[in-house]
1. Using only the Cα atoms of the chain, what semi-axes does the equivalent ellipsoid have when each is the square root of 5 times a gyration tensor eigenvalue? Give whole Å, largest first.
2. Amide H of Thr7 versus every other amide H placed in the peptide plane: which residues, excluding those fewer than 5 positions away on the same chain, fall under 5 Å?
3. Using modelled amide H (1.01 Å from N, peptide plane; none on Pro or chain starts), what sits under 5 Å from the amide H of Val156, excluding residues fewer than 5 places away?
4. Sorted from largest down, give the three principal axis spans of the alpha carbons of region 1-76, whole angstrom values.
5. Output ³J(HN,Hα) for region 28-38: one whole-Hz value per residue in order, computed from phi by the Karplus curve 6.51 cos²θ - 1.76 cosθ + 1.60 with θ = phi - 60°, and x for Gly and Pro.
6. Mind checking the full-extension length gain between His203 and Met17? Use 0.36 nm per residue of separation minus the Cα-Cα distance, one decimal, nm.
7. Show the residues, 5+ positions off or on another chain, whose built amide H is closer than 5 Å to the amide H of Gly194.
8. Rounded to whole Hz and in sequence order, give me ³J(HN,Hα) for region 161-167 from the Karplus expression 6.51 cos²θ - 1.76 cosθ + 1.60, θ = phi - 60°, writing x for Gly and Pro.
Amino acid sequence: MIDLDETTIRSRSVSEMANNVYLLTSKTTGVQVLIDAADDPESIRTMLEEARADSAEPTRVACIVTTHSHWDHVRALDELVRETGARTAAGTEDVPDIEVPTDLPLEAGPLEVEGAPTLEVIKLRGHTPGSVALLYRDPDGPAHLFTGDSLFPGGVGNTFGDPGNFATLIADVTARVFDVLPDDTIVHPGHGDGTTLGAERPHLQEWRERGW
């Protein structure tokens, strides 16, 4: 758990693919945003229960955001939506590929969920057409960037050998992430360990040259 002044960030690694599920809880309202209901609903329920036990306010999942439409990021989505009543959100271009109906098609800009931690939507096209990252700007410390499968330690996400998709993704990650956010920004990817923009920035040209 990351305990910030206004928000707590919890995470779980689930499934055989080590998908990361993130839960942001407002300390003042108890309202929550869940990022990527990937798999293992029981483990996610345990995370929700831990957040409930630690919160001074009654907790409620108000929104479940899917960073992109790939099957391994949505396996628990239907079950958790039915249990929590949360609204769903995903990048506009990915909505048709997600079986669970999407309430909020996302474009770049603020994600407006009343009472929840304020997030900014960043479109990072290439891994899928509608992939999004979500930025939480901590007023008292580094920003936290939830990148789905678009940015990892060591490179951008898989573009499956498509040069055009790679060019789009590396351009978006450069212009919309590295060019505008500071080095201390903490990256929370869709699988595996996190990193910072400062640790990855020196390697951007290397990624461009290798093409993945």
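1. Details: eigenvalues 142, 75, 44 Å².
Square roots of five times the eigenvalues give 27, 19, 15 Å.
2. Lys27
3. none
4. If we take the Cα atoms of region 1-76, the spans are 34, 19, 18 Å.
5. Rounded to whole hertz, the list is 8, 10, x, 6, 10, 10, 9, 10, 6, 7, 6.
6. On the way: separation 186, 0.36 × 186 = 66.96 nm, distance 2.54 nm.
Gain on extension, His203 to Met17, equals 64.4 nm.
7. Amide H to amide H, under 5 Å and 5 or more residues apart or across chains, Gly194 pairs with nothing.
8. x, 8, x, x, 5, 5, 4
Computed from the coordinates by the stated procedures, all read-outs in this text should not be read as laboratory data. Every value quoted in this text rests on a predicted model; they were computed, and no experiment measured them.
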